[in-house]
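Below: the structure, in structure tokens.
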Amino acid sequence: MGLPKNTHYDGEVSFYDQVGGRPTFQKLVDVFYAGVATDPLLRPMYPEADLGPAAERLLLFLEQYWGGPKTYGEQRGHPRLRMRHHPFVIGSAERDAWLKHMREAVDSLDLAPEHEAELWDYLQRAAQFMVNAEPDNPLFINEKAR
């Protein structure tokens, strides 16, 4: 009898499995994109009429990041998050709108406090990392923001 599917080499069960696997991450993504769909700041950033492809990419990325299936990497290669988001002007307003919808999504999961804190910490750091346009900081101006 081997280790559970998403068990690390040291025998620790992945965060992905600890929080419920795909159903948990699917709900996170579904609730998040329900908010994005009606957000006047974020919705225009998604070129597809259907948010389904973007939701699928986020689901696969989060699953892989948290120790689930490696499908994202198999299909898309290295995440290169900043590069993939560079075409979009992302300032503090966009970051805050993204975090608002993600906060609602995380709250919908009813996770154990330690899991909620770990997930939220990552999401906050990831959102800040995507910021590429700040009017008061010439080092962070996306060319499209000019």
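Here are some notes:
- Projecting label points 7 angstrom from Cα along Cα→Cβ for E114 and T38 puts them 3.7 nm apart.
- Amide proton proximity set for E134, modelled H, under 5 Å, gap of 5+: F140, I141, N142
Taken together, the values in this text are just the output of simple stated rules run on the coordinates, not laboratory data. In this text the structure is predicted, and so the values were computed from the model without any measurement. FYI the Cβ positions are ideal-geometry reconstructions off the backbone, even for glycines, and counts take in every protein chain you see.
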